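Below: the structure, in structure tokens.
The values are calculated or read from the model by the stated rules, or taken from the named source; none is laboratory data. Quantities reported herein were computed from a predicted structural model and do not represent experimental measurements. Glycine also receives a Cβ, built like all others from the backbone with ideal geometry; neighbour counts cover every protein chain displayed.
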Amino acid sequence: MSEAPAPARGRSIHNGHDRPAAGPRRLRVGEAWNPRNHVTLFPGDCRRLLAALPAGSVQLAVTSPPYNLGKAYERRVRLQEYLDREREVIGACIEKLRPGGSICWQVGNHVDVGEVFPLDILLYPFFAERGLRLRNRIIWHFEHGLHCSRRFSGRYETILWFTKDTEDGEYTFELDPVRVPQKYPGKRHFKGPKRGLPSAHPLGKNPGDLWIIPNVKHNHPEKTVHPCQFPIELVERLVLALTRPGDLVLDPYMGVGSALVAAALHRRRAAGAETEAHYVAVARGRIEAVRRGTLRMRPRTRPVFVPPPDTKMTRRPW
């Protein structure tokens, strides 16, 4: 366990550079589930962690499961076997979700002999059959990835955001913490009783359901050994909009812990499971960096980089 002074409420951790997040902060970290933990890093199958969690304890389950592509961290199986396992895990997550809570399942495509199977389409029924409501199908667009030769290169993935509504149909959604800058902040109403008054929201606009966020490749400040790593800012937006301080964020396939990092940075509790011991160790190191205030990350406020037009890399050599 690690102990350090708690941060002041509402402290900003973002600036215009790849600087460490502000710290230090108090974090109690454990491997076995304990409600007193700030962060639980469970080294094993997520179904064992889910069995230990109390019903109704999770405010947000957010994850990116394996796509059954035979990556180093997964064993490729028949598609139906993969879907059966996902149905079991999704069902267990829903059982632990509190009324008003959310599940965000971030997926791409399963590819078999060149044929594409969109996982969001295949997984949607597993949420709907349990009574969850789809609030958004968010498109995450990025510029870098595998270059295909017999089809267009994939440059987006999807996030299915479902809610488990309360009896009166309510769920947690906080828009103000995730607003983005207005395109035309000086715009004014041109007619009606508000004519001449500013029409843009002073805190910024709704980010919409198309998110342009760089994926973690090459010289990204958050890059670790994991080949398919969540960018922290993607999870931050979900954590800030769908939870409140003190809530529990769950990632059943935590990898190197980006979702847990995003939760810890914003005073949420976090629990995640991972079968690869090396990834658990990396996640522990990143949580320790959060505690010390030395975590390097890409700020949410930074625009996507656009290269200058006349450089060695952008000048045509032919």
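For the reader, a short list of remarks on this structure follows.
- The residue of the range 110-156 that is farthest from the chain's Cα centre (by Cα), among those that are crowded, with 16+ Cβ neighbours inside 10 Å and among the aromatic types (Phe, Trp, Tyr), is PHE126.
- Looking only at the range 104-153, and only at residues there that are free of Cβ contacts under 8 Å to residues at least 24 places away in the same chain and in contact with a Leu (Cβ under 9 Å, 6 or more places away or on another chain), the one that is farthest from ILE232 (Cα to Cα): ALA128
- Residue ID - surrounded by the most Cβ atoms within 10 Å (Cβ to Cβ), chosen from residues in the range 278-292 that are small (Gly, Ala, Ser) and out of contact with any strand residue (DSSP E or B) (no Cβ under 6 Å at 6 or more places or on another chain): ALA289
- Of the set (1) touching a His at 6+ places or on another chain (Cβ under 8 Å); (2) surrounded by fewer than 13 Cβ atoms within 10 Å (Cβ to Cβ), all apply to ARG75 but (1).
- Residue match in the range 91-109 (condition: surrounded by fewer than 15 Cβ atoms within 10 Å (Cβ to Cβ) and farther than 25 Å from ASP247 by Cβ): no
- Residue match in the range 165-180 (condition: part of a loop (DSSP other than H, G, I, E, B), under 21 Å from ARG298 (Cα atoms), without any contact (Cβ under 8 Å) to a residue 40 or more places away in the chain and touching a Lys or Arg at 6+ places or on another chain (Cβ under 7 Å)): yes
- Helices (runs of 4 or more DSSP H) fully within the range 213-318 counting 1 or more residues that are modelled with pLDDT of 95 or more and in contact with a Cys (Cβ under 6 Å, 6 or more places away or on another chain): 232-242
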